[in-house]
Structures are given as C-alpha cells and as structure tokens.
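The values are calculated or read from the model by the stated rules, or taken from the named source; none is laboratory data. Source: prediction; values computed, not measured. With ideal geometry, Cβ positions are generated from the backbone for all residues, glycine too; neighbour counts draw on all protein chains shown. When the accessible area is computed, the model is the full protein with side chains, heavy atoms only, and any ligands, DNA or RNA have been set aside. Shrake-Rupley method; radii C 1.70, N 1.55, O 1.52, S 1.80 Å.
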Amino acid sequence: MYIPQLEDLGDVKGKTVLVRCDFNVPVKRDENGELEIVDDFRIRSSLPTLKWLVDRGARVVACSHIGRPHGKYDPDLTIAPMAKRLHELLPEVEVMENLRFSKGEEENDDAFVKELIKGVDLYVDDAFGAAHRQHASIVGPPKYLKSAAGRLVAKEAEVLSLLLEEPNRPFVGIMGGSKVSDKIGLIRALLEKVDRMIVGGGMAFSFLAATGHKVGGSLVEPDQFNTCKELVRASDKLVLPVDYVALSSDGKFGLEERSGSKEVFSGDIPDDWMGLDIGPRSVGIFEAIISGAKTVLWNGPLGVCEDPRFSAGTRAVATAVANCGCFSVVGGGDSAAAIEQMGLSDRISHLSTGGGASLEFLENGDLPGLKALRESPF
Ligand code: AMP
C-alpha cells in the first residue's frame, strides 16, 4: 500500500505545514495545581517528522487532540503542558490548542476543516493512534492540500501492511486481554492470515465455555459463544490454553480486591474458582509454537498481568517473543508495557503505539486517515 511520504511534498522551504500529531499523553496536577506531563514518549516520538520539516525551512504548526472534552473548553485538557515540553525540545514549532475543544473536530465538519487549514500550504498526518477516526483534522485537510504521512504513520503502516501482505511463515498470532467481544472481528480476520492463533487471557474462557469446558467463575461473554464455537469449528489454527492459574472465591472475584488461594487446574475449572492466568503446560505449548515462528504478532496479556500472582504467563510469552529471533510486532498497552518493564524492547522488531488504530488496520486492511492521504487529489 503506497502512502505519500514527506519526500513527496516537494520543496517545503517557506511553506506553512500543518502537522497532525498525537500529543495525547498522560498528565497530572502537581502540588501547586499545575498540569505536569507523566510520560512524554509520544511528544519525543513526534520529533523526527517535525525536525525534518523545520530543518528544511518550513513553518511548522502542530495540532493534536487531548482526551475527550466533547467540543467544550476544559482547563484539565489544555495542550499547554505538551506545547511547553515540545518547545523545550524544538522551539521552532507552533502548537494549536486542543482540537476537540471545537465540536467540528469529532463531527468532521467541513467548515472546521477550512478554518484549520487557513493560511496552510501542506498537511502531514503523524497521528497513527487517531488514524481510525473519521475526524476533521485527520480526513479533512488531504481533500484541500498536498498531504503526506509523517514518519510514525509511515512506519506503522509499513509494518502492519507487511504482516497482512507478505509475512514470513509460520506466522503466529497471539491474542489476549479481557473481552473477546473487543477482538472477535480481529481474530476472525487474522485467522485468514496466520498459521496459528494462540488465544489466552480472559477472552479464552468464552472459547472454552462455548466448546463445552467448565470455566467456573472465569470471565465469559455468553453472547459471543456462538461466534466462538463457529470459529473453533471452522479453524484448526486456534490454540487455546489447556491449564489455568485460578483464584478461589473465598476472596472476592472483583478486580480490586482479589484475595483467596491460588491453584492450577487442567481441563475444567471448578465452580468457585476464577481463571486469571494460563498454567505451566499452556506456557510450554505456547513457547514451542512461538519458538518456531518466523513472524509473530502479539496483542494483549495472557492473564491479569498487573497482579504478580497472575503475570507468569504474560512474562513467559514476552520472553518467548523476544527470544524467537523472528520478525515480531507487539501492540496494545499491557503487552507493550510487559515488554518494556522486562527490558526486552530492543529485541522486538516493532512496538506498535497505535492501540485501536493498529487493531482496526489489521482487521480491515486500511484506515480512514491512510485512505485520505492516498486519495488526496494533489
Ligand atoms: P485488554 O484491554 O482487552 O487488552 O485487556 C487487558 C486486561 O485484561 C488487563 O487489565 C488484564 O488484567 C485483563 N485480563 C487478562 N486475563 C484475564 C483473565 N483471565 N480474567 C480477567 N481479566 C483478564
């Protein structure tokens, strides 16, 4: 899939370039009540694109959304702390206020697009995390201006396209996380592409319950059982856990207050127990599959990895992915965090920052933001 790159913009010297960034970073108030950035990773990640433009003599205006102010000014969601941080790193860039303070952004209002691009010559989209949104600043400017993907968008699109178009085989998918309903469409689409699809985490229990296993008090979504059953019947690529680390209900099953005793069960889980991680036999099976892979895509934890009692499965899979020596792509907050906490980032080919956008790209093979860049008439 060809997407126009920065080089396709031609000479940017003296031109005004609007860059859609993703500065949606966590903030908190310090002891003086001032907003303070907790993690500036996304701001630092925007530098290669912004610097490329500044170094070539462009006047650069950056814009982004922060949180969900629903079209109204909200002092907690001002872009000021992000602008301050960016100016410490690259003083030449102008920063617009939070796009979502205007209703027109989420409503994709054409009048808002025209307002946004007043006095602007070129547009660059470097907000991959928002590329699945049909919002004004994402899909609007390419209709009126010569446009290109920034480095972050170009890299994500290249890596994710490679997975869909020409992965080295065996291609192994690993899906985890809590709810099967969030990812069932993705699992269905990926079953067409992968050679094996490992499913763990809370979502595995809907597949297991749907196919006649007893799962005790584990997380299930009964309205998904029919789809789960259909996928299990239709595909011999699905690999489900065979044993589980479970917690007894003498504590509470609620995620905040998880006390009780821990035990490993193979096959069925008794009524008063809740499966919160994959067990050691499953770990062994998954490790063997991952070690033989040439391409791995991993999204979502294999258990409740925030709790050290139930993080072994996720940690073992993180290690197996890092050690497999293959082309590996890891996406999703918890799986990427596990890789980072374990110091394995430099052994992963690509840590995807896109969240929902990455998953939607893998499911549909395209995103509104990428389509807009490709279809720009300039
Ligand atoms: P997601 O946001 O869908 O990727 O899900 C991530 C969440 O799934 C994490 O907060 C985990 O605690 C949760 N999770 C993983 N395994 C389980 C499980 N077996 N039961 C309940 N929640 C789980």
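Residues whose amide H falls under 5 Å from that of Val215, counting only those 5 or more places apart or on a different chain, are Ile269, with hydrogens built in the peptide plane.
Heavy atoms of the protein chains alone define the surface here; on that basis the range 169-325 has 42 Å² accessible area per residue at 1.4 Å probe size.
Relative to the Cα centre, the charge distribution of the chain, modelled as +1 at Lys and Arg Cβ and -1 at Asp and Glu Cβ, gives a dipole magnitude of about 720 debye. For Ala58, the residues whose modelled amide H falls within less than 5 Å of its own, excluding neighbours fewer than 5 places apart on the same chain, are Gly14. Annotation: lysines with alpha-carbon distance below 27 angstrom to Lys179 (same-chain offsets under eight excluded): Lys193, Lys214, Lys229, Lys237, Lys252, Lys262. Centroid-to-centroid, using Cα positions, the range 160-202 and the range 1-68 are 31 Å apart. Span-like helix criteria (full DSSP H runs; alpha carbon extent of at least 15 Å along the helix axis; mean Kyte-Doolittle hydropathy of at least 1.0) are satisfied in the chain by 180-191.
With all protein chains in place and a 1.4 Å probe, the accessible surface of the chain carries 49 percent carbon and sulfur. Using a cutoff of 8 angstrom between alpha carbon atoms and counting only pairs six or more residues apart, the relative contact order for the chain works out to 17 percent.
As a rough guide to protection, the peptides 281-288, 206-213 ranked by mean Cβ packing within 10 Å, highest first, stand as 206-213, 281-288. Think of the range 1-123 as having a plus end and a minus end, set by charges on the Cβ of Lys, Arg, Asp and Glu; of Val19, Met96, Gln5, Gln5 sits farthest toward the positive end of this dipole. Full extension of the segment from Glu340 to Lys371, taken as 0.36 nm per residue of separation minus the current Cα-Cα distance, would add 8.0 nm.
Across the range 139-201, the mean sequence separation of Cα contacts (distance under 8 Å, 6 or more residues apart), normalised by length, yields a relative contact order of 36 percent.
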